[in-house]
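Notes for the one structure printed next.
The values are calculated or read from the model by the stated rules, or taken from the named source; none is laboratory data. Just so we're clear, the structure is a prediction, and the values are computed from it rather than from any experiment. Cβ: placed from backbone, ideal geometry, glycine included. Neighbour counts: every protein chain shown.
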């Protein structure tokens, strides 16, 4: 949750959580809008309405701020709450909610632009791409893996390799449309097309792993 990202760490004077939240929100906007190289710490400080020194007091450098901004964005769009599996609840609606949130996150205009920047930069230096993956996609895979372990233990699904199944689920939801958006060969799907796609992906996944 976002509160976890706002909790001050280490000794010294407690950090202002409101300023920390403002910095994270400003960083999200600028990184999504201008990319990593086009977003300076000065610009982020100005966007957040704080001093540059305040930005550095909360986040030691630009790379750290980028990592926290990605993590915060993912937690806002696909919160941990979605991966909870209450006793007696069917698995299908849980997967549908995760699928809809994930689809919305990865296919947003901001996300598409950020992925293009990362792909371009990754050819020269993969460090930033690795930071992005660890802060965003890896967290979602980990959460999904834990959900599938619970679903297997409760008998809702029969999954021998939850990690592989988690990757398969997100790949199904992503589909071919995401790639077409990345290379500029398609327009965003309509609401009905998105809903049909996610329902089909969930149905296929459940059918493959139903006990």
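Just so you know, in the stretch 132-147 the residues that are buried (at least 18 other Cβ atoms within 10 Å of the Cβ) and touching a residue at least 24 places away in the same chain (Cβ under 8 Å) include one that is farthest from residue 85 (Cα to Cα), and it is 132. Considering the stretch 157-167 alone, what residues qualify as being crowded, with 17+ Cβ neighbours inside 10 Å and in contact (Cβ under 8 Å) with a residue 40 or more places away in the chain? Hits for the stretch 157-167 are 157, 159, 165.
Residue check: is residue 145 at pLDDT 95 or above and touching a helix residue (DSSP H, G or I) at 6+ places or on another chain (Cβ under 9 Å)? It is true that residue 145 is at pLDDT 95 or above and touching a helix residue (DSSP H, G or I) at 6+ places or on another chain (Cβ under 9 Å).
Conditions tested, residue by residue: (1) under 19 Å from the mean Cα position of the chain (by Cα); (2) more than 24 Å from residue 33 (Cα to Cα); (3) modelled with pLDDT of 95 or more; (4) assigned to a helix (DSSP H, G or I).
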position: 110; (1), (2), (3), (4): yes, no, no, yes
position: 117; (1), (2), (3), (4): yes, no, no, yes
position: 120; (1), (2), (3), (4): no, no, no, yes
position: 133; (1), (2), (3), (4): yes, no, no, yes
position: 151; (1), (2), (3), (4): no, yes, yes, yes
position: 164; (1), (2), (3), (4): yes, yes, yes, yes
position: 169; (1), (2), (3), (4): yes, yes, yes, yes
position: 173; (1), (2), (3), (4): yes, yes, yes, yes
position: 184; (1), (2), (3), (4): no, no, no, no
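With respect to (1) free of Cβ contacts under 8 Å to residues at least 12 places away in the same chain; (2) under 24 Å from residue 200 (Cβ atoms); (3) surrounded by 13 or more Cβ atoms within 10 Å (Cβ to Cβ), the lone exception for residue 122 is condition (2).
Take the conditions (1) in contact (Cβ under 8 Å) with a residue 60 or more places away in the chain; (2) in a helix (DSSP H, G or I); (3) under 16 Å from residue 100 (Cβ atoms); residue 196 misses just one of them, which is (1). Scanning the stretch 58-85 for residues that are out of contact with any helix residue (DSSP H, G or I) (no Cβ under 8 Å at 6 or more places or on another chain), assigned to a helix (DSSP H, G or I) and within 22 Å of residue 41 (Cβ to Cβ) yields a single hit, 64.
Only one entry in 154, 171 is exposed (fewer than 13 other Cβ atoms within 10 Å of the Cβ) and either touching a residue at least 24 places away in the same chain (Cβ under 8 Å) or closer than 30 Å to residue 88 by Cβ (or both), namely 171. Among the residues here, residue 157 does not qualify as assigned to a helix (DSSP H, G or I) and in contact with a helix residue (DSSP H, G or I) (Cβ under 8 Å, 6 or more places away or on another chain).
Tell me, yes or no, whether the stretch 48-63 has at least one residue that is over 15 Å from the mean Cα position of the chain (by Cα) and modelled with pLDDT under 90. Checked against the condition, which is being over 15 Å from the mean Cα position of the chain (by Cα) and modelled with pLDDT under 90, the stretch 48-63 yields at least one hit.
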